[in-house]
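Below is one structure, written out as structure tokens, with a few remarks after it.
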Amino acid sequence: MTRLVLLGPPGSGKGTQASAVQSRWGIPHIASGDLLRARVKEKTELGERAKPYMDRGELVPDEVVIEMMAERLSESDARQGYVLDGFPRTVAQAEALDERLEPMGQRLAAVVYLRVPEPEILRRLSGRQVCPECNAIYQVDTMPSREPGVCDECGAALIQRDDEQPDVVRKRLEVYAVQTRPLLDYYRGRGLLHEIDGTIGVDNVLARIAGILEEAQAGAAERVE
Ligand code: ADP
């Protein structure tokens, strides 16, 4: 049973790592941004409410995201654990997650913070492409698709996200600094935070995450004994 949270600024590699964790450990990758974008695309009521915030690079109100995530986390595949990408993003969201886990006697295995300096983030996001069908992520310089503009996984045409224009990216980084960075202290205080240099390469980051998960599992086994 592995419940992992990935933290870090936009472009720090959370999505890439979370999908690698999903393939390697068979736990679902749950990305709040992907869930929100799907609802925007389907024009559901929640999607219509979330869209203006997302277009401006602001956070969608906590109550909207918390309700959406509560639903997703109660689906049956999440019983075996999950890797969360993009949630929690505020202290209120982290508290809501704790309030969900505690009554069930559950806890997070670890919170991994991917540290990446801002100039590197701006470079990464300016060349990021995503698949609108299967949410695979590419980077034109460092992680290109085999055929330019075409998804390796499903063959759909890749796009640049609407919120990846330079002024919206700057806004998202500001929002991260003010609303999400405080989560580092929140989880540090609970002894859950592990920091990884997010610039050491995709495979090296994944190897560090594997080490952290093994350590967490060993710790959990000790608590049971
Ligand atoms: P990134 O991590 O690259 O910023 P995401 O795909 O996680 O991108 O999020 C895109 C947008 O979706 C955010 O800018 C925000 O508007 C909204 N969003 C995603 N997750 C949350 C969340 N947990 N709380 C509030 N808004 C969210």
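Annotation: of all residues in the stretch 84-131 being more than 13 Å from the ligand (Cβ to nearest atom) and small (G, A, S), the one that is surrounded by the most Cβ atoms within 10 Å (Cβ to Cβ) is A110. Of the residues V130, V140, V202, V178, the single one that is under 16 Å from the mean Cα position of the chain (by Cα) and closer than 27 Å to R56 by Cα is V130. For the stretch 207-216, the candidate set comprises residues that are open to solvent by less than 90 Å² (accessible area, probe 1.4 Å) and out of contact with any strand residue (DSSP E or B) (no Cβ under 7 Å at 6 or more places or on another chain); within that set, the residue that is nearest to Y82 (Cα to Cα) is A210. Only one of the numbered conditions (1) within 12 Å of the ligand (Cβ to nearest atom); (2) in contact with a strand residue (DSSP E or B) (Cβ under 6 Å, 6 or more places away or on another chain) is violated by Y53, and that is (2).
Here C151 meets the list (1) in contact with a strand residue (DSSP E or B) (Cβ under 8 Å, 6 or more places away or on another chain); (2) open to solvent by 10 Å² or more (accessible area, probe 1.4 Å); (3) more than 27 Å from E195 (Cα to Cα) almost entirely, failing just condition (2).
Looking at the stretch 171-192 only, could you name the residues that are open to solvent by 40 Å² or more (accessible area, probe 1.4 Å) and either in contact with a Leu (Cβ under 8 Å, 6 or more places away or on another chain) or part of a helix (DSSP H, G or I) (or both)? Across the stretch 171-192, the qualifying residues are K171, E174, V178, Q179, P182, D185, R188, G189. Taken as a whole, the condition of being at pLDDT 95 or above, under 30 Å from T199 (Cα atoms) and open to solvent by less than 40 Å² (accessible area, probe 1.4 Å) applies to V65. Screening E195 against (1) in contact (Cβ under 8 Å) with a residue 40 or more places away in the chain; (2) open to solvent by 50 Å² or more (accessible area, probe 1.4 Å); (3) not hydroxyl-bearing (S, T, Y); (4) not in a strand (DSSP E or B) leaves a single unmet condition, (4). Among the residues of the stretch 40-55, is there at least one that is open to solvent by 20 Å² or more (accessible area, probe 1.4 Å), under 28 Å from S126 (Cα atoms) and aromatic (F, W, Y)? Yes, the stretch 40-55 contains at least one residue that is open to solvent by 20 Å² or more (accessible area, probe 1.4 Å), under 28 Å from S126 (Cα atoms) and aromatic (F, W, Y).
The values are calculated or read from the model by the stated rules, or taken from the named source; none is laboratory data. Worth saying up front: this structure is predicted, and the values here are computed from it rather than measured. Counting neighbours? That spans all protein chains shown, and the Cβs are built from the backbone with ideal geometry, glycine included. The area values use the complete protein model at the heavy-atom level, side chains included, leaving out ligands, DNA and RNA. Shrake-Rupley method; radii C 1.70, N 1.55, O 1.52, S 1.80 Å.
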